Every structure is written in C-alpha cells, then in structure tokens.
C-alpha cells in the first residue's frame, strides 16, 4: 500500500533532504580519507549543503502550516523533517569540529565513524525511496539501528583507549568532541529510522 502519492510535495521535499544528507556524508568521508589538508574545503561544501537543507526544512514546515489535509499526520511530518535536519546538522558539526580543531593526523577510528555515518545516510535514502515506492523499509531501518550500535561500541572503545593514553589534554578534548559528535550523528540517524517505523505502523 502506498502511503504517500508519487506527486506529493511533502515527499518530494523529503527526498530532496535525504539527497542532501547523502551528499554531505559522501563529502565528509572523502575529506577525512584525504586528510586534514582537505577538510577545510570539504567543510565549506558541507556548510552549503546544510544551508540548502535548512531551506528544505523551512519549505516543509511552511507547507505544513498552510495545508489543511496532509498525506501523513502533521506530527509525523514534523518528526521526520526535524530528525532529518538533525542528521544534516550533525554531519556539518563533525566537519566543523575536524576543521576547527585541526585534527592531524585523522585517526582511523574517525574515518571508520564517518563510514558508518555514510552507510546510515544512504540507508535513510533507501528507506525513503522504499516508502515512496510502497515497498518494505524495515530492513533499512534495522540496518541503521545495527550501525548505530556499531558506532556506539567503537566510540566506547576509542574513548577508553584515550583515557589510558598519555595524549596531551588539549588533544584529548579535541578528539573526544569529534568522536562524540560523530556518534551522536548516528543516534540522529536512528531517530529517523524510528520515526519512519512509527509512520509505517500508524498507516498500516
């Protein structure tokens, strides 16, 4: 059963937002793999994508306030848009932290976390596409939940290693902030998955 018509404006805006999220996560991953010297340029691109994402969310909320009959409950539209906005904000914040703190070299664990964020972002895109096509999306939500768990365990491990190391206190603070922002971004991805599952249950 199709929950949202193909030509529904709300859904087209959701698709635009998830494309921006995927693009931003691609740029972040490419940046950290290339090293700190490339992060400043990557951060600028991500900031522009985040700004575009803010415009999309504004369009969704404006349309929500102006539409009497919506394809989904208004609170579900608001929840989905807010959760997507949080993901893009998290990616932008991670890029900013890496650039502002001048993390060099970029630790392998940061690259791994960015890969997890990237996988989550593309799983979100697949989930929304499945929703659009009237197909099952649970597998994508389950995958996002699994990836969030992987990120959580990874951050716990690397933070424990940091506490046991003799790293300079300032370097410790910088890395800790980067790890926590990236882990929090996977949490926001999980929030999107939870919101999507809620929509499916409510409309099944």
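Each value in this text was obtained by applying a stated rule to the coordinates, not by laboratory testing. It should be emphasised that the depicted structure is a prediction, and the values quoted were computed from it without experimental measurement. Virtual Cβ from ideal backbone geometry, glycine too; neighbours counted across all protein chains shown.
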(message) I want to check the label-to-label distance for residue 170 and residue 89. Put each point 7 Å from Cα in the C-beta direction and report it in nm to one decimal.
(response) 3.0 nm
(request) May I ask you to sort 170, 39 by Cβ crowding, counting other Cβ atoms within 10 Å and putting the fewest first? (result) 170, 39
(request) Mind giving me the nanometre distance, one decimal, between the label points for residue 40 and residue 61, set 7 Å out from Cα along Cα→Cβ? (result) 3.3 nm
(request) Tell me the label-point distance for the pair residue 33, residue 112, using the 7 Å Cα-to-Cβ offset, in nm and rounded to one decimal. (result) 1.7 nm
(request) Among 172, 10, rank each residue by its count of other Cβ atoms within 10 Å, from fewest to most, as a rough exposure measure. (result) 172, 10
(message) Helix 138-164 against the longest principal axis of the chain: what's the angle in degrees, Cα atoms only, rounded to the nearest 10?
(response) 20 degrees
(request) Report, to two decimal places, the Cα Rg of the chain normalised by 2.2 N^0.38 Å (N = number of residues). (result) 1.07
(request) Please give the length that would be gained between residue 135 and residue 197 if that part of the chain were fully extended, namely 0.36 nm times their separation in residues minus their C-alpha to C-alpha distance (nm, one decimal). (result) 21.0 nm
(message) To test your reading of the geometry: what angle, between 0 and 90 degrees and rounded to tens, separates the Cα axis of helix 74-100 from the longest principal axis of the chain?
(response) 20 degrees
(request) Hey, could you get me the Stokes-Einstein D for the stretch 98-181, Kirkwood radius over alpha-carbon pairs, 37 °C and 0.692 mPa s, rounded to whole µm² s⁻¹? (result) 228 µm²/s
